[in-house]
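Worksheet: the structure to be examined is printed underneath.
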Amino acid sequence: MTDHGPIAIWGAILVIGVATYLIRLSFIHLFGRIDDVPPALERALRFVPPAVLAGLVAPALITVGPTLEATLLDDRLLAGLVAGAVAWRTEDMFATIGVGMVTLWVLRFVVPW
């Protein structure tokens, strides 16, 4: 394995940052030149927020335990499922967060495992 110095690491960070900025700038430039967003693209863009949210939340909820029982009885997974049910039923963000956190605290500090 090659030992990379600080200049190589900062160079990689700079190149990746500039590439990310240029990708975002290309979309701003593209949508500034066209009058309407094509309907197919608009339909596809509706799925971006749920996909990003799922990508952020799923790794925090799903942990692999030493056994299947430990995996399925993880307090974060159970609290996430309860919060998901509340979100689906009420469509209220504050209720979802409140019930999810209270469920997590009860499972973590009150229920003996």
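Data overview
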{"read-out": "Every residue from region 59-80 that is surrounded by 14 or more Cβ atoms within 10 Å (Cβ to Cβ) and within 16 Å of the chain's Cα centre (by Cα)", "value": "Leu61, Arg76, Leu77, Gly80"}
{"read-out": "Search result, residues across region 74-94 that are within 20 Å of Val111 (Cα to Cα) and either touching a Gly at 6+ places or on another chain (Cβ under 8 Å) or outside the structural domain of Val106 (by TED's automatic domain parsing) (or both)", "value": "Asp74, Ala79, Gly80, Val82, Ala83"}
{"read-out": "Qualifying position, being in contact with a Ser or Thr (Cβ under 7 Å, 6 or more places away or on another chain) and free of Cβ contacts under 8 Å to residues at least 24 places away in the same chain, among Ala79, Ala83, Ala70", "value": "Ala83"}
{"read-out": "Region 95-113: number of residues that are hydrophobic (A, V, I, L, M, F, W, C) and under 18 Å from the mean Cα position of the chain (by Cα)", "value": "2"}
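The values are calculated or read from the model by the stated rules, or taken from the named source; none is laboratory data. Owing to the predicted nature of the structure, the values given are computational and were not obtained by experimental measurement. FYI the Cβ positions are ideal-geometry reconstructions off the backbone, even for glycines, and counts take in every protein chain you see.
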